[in-house]
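Trainee: Starting off with a structure, shown below.
The values are calculated or read from the model by the stated rules, or taken from the named source; none is laboratory data. Here the structure is a predicted model, which means the values were calculated and not measured. All Cβ positions, even for glycine, are placed from backbone atoms using ideal geometry, and neighbour counts span all protein chains on display. Just the protein is used for accessible areas: all its heavy atoms, side chains included, with ligands, DNA and RNA removed. Shrake-Rupley method; radii C 1.70, N 1.55, O 1.52, S 1.80 Å.
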Amino acid sequence: MEITVEASPNFALTKYWGKSGERVPKTFAAIPATPSIGITVAGISSLCRINLGNPSEPDSIMVNGIRLPPDEKCAADVIVSTLRRITGFKESVHIDSFNSFPTAAGAASSSSGMAAIAFGLAHLLNVPGDILTVTELAQAGSVSAARATCGGFVHLPAEATEGAETIYSQNHWETLRIVLCITSREQKIVSSRNAMQLSQETSPIFSVWKNQASRHTEEILRAITTRDLELLGTISERNAFLMHATTMTSSPSVLFWNAGTLTVINTIQKLRKAGICAWCTIDAGPQVKVICESSDLNKVLEALRDTPLLLETIPLSVGGGPRITAPVCYRNHLITPS
Ligand code: PMV
């Protein structure tokens with residue numbers, strides 16, 4: 001039995017950063033300390049082929065043609081073992097996953113990769129929604145993946161057992177654009193999981209971050225409802241900078257940014273001074289996501305073209321959740337989806 005799934009990453013506008021300490025009873029998934037709202041994008045994706053094999057074989061997980069780095073393998077393993085525990089299925093699982101964008105580099109590849117795995121396995125095994133939903137299963141592997149199992153604008157509450165939910169579909173704000181600015185293709189040195197834990201345990205401003213997070217999420221919700229780009233951009237940028245302030249003030253300090261991150265931020269701040277509406281958000285890595293309207297996209301791309309240390313820009317729009325697709329293969333090896 002085989003299935004191929006394509007899923008796109010979900011970029012957080014307000015971030016999940018910290019754990020509540022509680023676990024979802026059914027899946028033991030982490031419950032976030034802060035609510036988050038993210039956008040599932042269109043334009044980049046993880047393509048994931050899953051085979052079920054003989055129960056006597058060990059599971060195998062490949063990413064971009066090679067074995068996963070330990071962190072991500074661990075997240076995929078958690079999804080598989082959670083599903084085994086809940087449904088009792090016996091077959092071995094063989095996962096071959098390919099990302100069309102940098103992996104484990106702060107571009108939310110784990111959200112799309114884990115969403116694709118959860119969606120594919122739940123479909124292959126025909127798991128009824130009242131036993132386990134795709135969102136619940138994905139959250140067991142990675143909290144942000146729960147958001148990537150839903151299309152459009154997605155909310156994930158904190159300190160509650162409620163799962164991620166689409167609050168507005170992908171058609172709600174068709175002119176919204178997110179430009180993914182790649183400033184490094186290297187994998188990050190510290191995983192989100194470890195940096196988050198360090199921030200929570202050692203940053204003197206973690207409580208400030210946690211207190212602000214709910215207000216930011218309410219404001220982002222209002223900005224999405226009214227399609228208010230200025231409010232959306234201002235709060236997303238503030239939320240991202242506050243999250244990064246917790247990592248910089250951790251002990252030891254974690255700095256996810258590189259020199260290219262700063263040159264992109266600088267370009268966007270200059271654009272705003274010149275009256276062009278664009279804002280930055282940054283996840284646990286050096287890549288910057290620039291938020292703007294389609295009417296300003298060309299001006300934003302032009303300014304980014306002249307920005308030093310920026311390797312690539314990828315304009316994205318709001319997209320849908322995971323979908324079953326045909327594998328894209330060359331000599332039977334999965335390759336980058338277009
Ligand atoms: O769910 P994880 O372990 O991939 O952590 C996600 C952390 C951030 O990307 C920084 C924030 C978020 O909400 O996606």
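Trainee: Go through the stretch 72-102 residue by residue and tally those that are farther than 20 Å from GLU186 by Cβ and of a type outside the set (A, V, I, L, M, F, W, C).
Mentor: Total meeting the criteria: 12.
Trainee: Any residue at all in the stretch 165-187 that's within 30 Å of PHE89 (Cα to Cα), assigned to a loop (DSSP other than H, G, I, E, B) and either of a type outside the set (D, E, K, R) or within 13 Å of the ligand (Cβ to nearest atom) (or both)?
Mentor: no
Trainee: Scan the stretch 1-45 for residues that are more than 13 Å from the ligand (Cβ to nearest atom) and within 24 Å of ASN99 (Cα to Cα) and jot them down.
Mentor: MET1, GLU2, ILE3, THR4, VAL5, GLU6, ALA7, SER8, ALA42, GLY43, ILE44, SER45
Trainee: Between a residue in the stretch 288-317 that is aliphatic (A, V, I, L, M) and any residue that is surrounded by fewer than 17 Cβ atoms within 10 Å (Cβ to Cβ) and part of a helix (DSSP H, G or I), which pairs come within a Cβ distance under 7 Å, given they are 6 or more apart or on different chains?
Mentor: Matching pairs, first to second residue: LEU309/ALA259.
Trainee: Continuing with the same structure: Would the stretch 129-146 turn up any residue that is away from the ligand (no atom under 16 Å from the Cβ), aliphatic (A, V, I, L, M) and open to solvent by 10 Å² or more (accessible area, probe 1.4 Å)?
Mentor: Yes, there is a match, as at least one residue in the stretch 129-146 is away from the ligand (no atom under 16 Å from the Cβ), aliphatic (A, V, I, L, M) and open to solvent by 10 Å² or more (accessible area, probe 1.4 Å).
Trainee: May I pose another question? Within the stretch 110-121, is there a residue that is within 19 Å of ASP283 (Cβ to Cβ), open to solvent by 10 Å² or more (accessible area, probe 1.4 Å) and within 16 Å of the ligand (Cβ to nearest atom)?
Mentor: Yes: one or more hits.
Trainee: Restricting to the stretch 1-33, count the residues that are in contact with a strand residue (DSSP E or B) (Cβ under 6 Å, 6 or more places away or on another chain), surrounded by 24 or more Cβ atoms within 10 Å (Cβ to Cβ) and of a type in the set (Gly, Ala, Ser).
Mentor: Matching residues across the stretch 1-33 total 3.
Trainee: Please determine whether any residue of the stretch 277-292 is small (Gly, Ala, Ser), assigned to a helix (DSSP H, G or I), under 24 Å from ILE37 (Cβ atoms) and modelled with pLDDT of 95 or more.
Mentor: Checked against the condition, which is being small (Gly, Ala, Ser), assigned to a helix (DSSP H, G or I), under 24 Å from ILE37 (Cβ atoms) and modelled with pLDDT of 95 or more, the stretch 277-292 yields no hits at all.
Trainee: Checking SER97 against (1) more than 16 Å from the ligand (Cβ to nearest atom); (2) touching a helix residue (DSSP H, G or I) at 6+ places or on another chain (Cβ under 6 Å), only one condition comes out false. Which one?
Mentor: All conditions pass for SER97, except number (1).
Trainee: Can you tell me which of (1) within 12 Å of the ligand (Cβ to nearest atom); (2) charged (D, E, K, R); (3) out of contact with any Ser or Thr (no Cβ under 9 Å at 6 or more places or on another chain) is the one ARG215 doesn't meet?
Mentor: Only one criterion is unmet by ARG215, namely (1).
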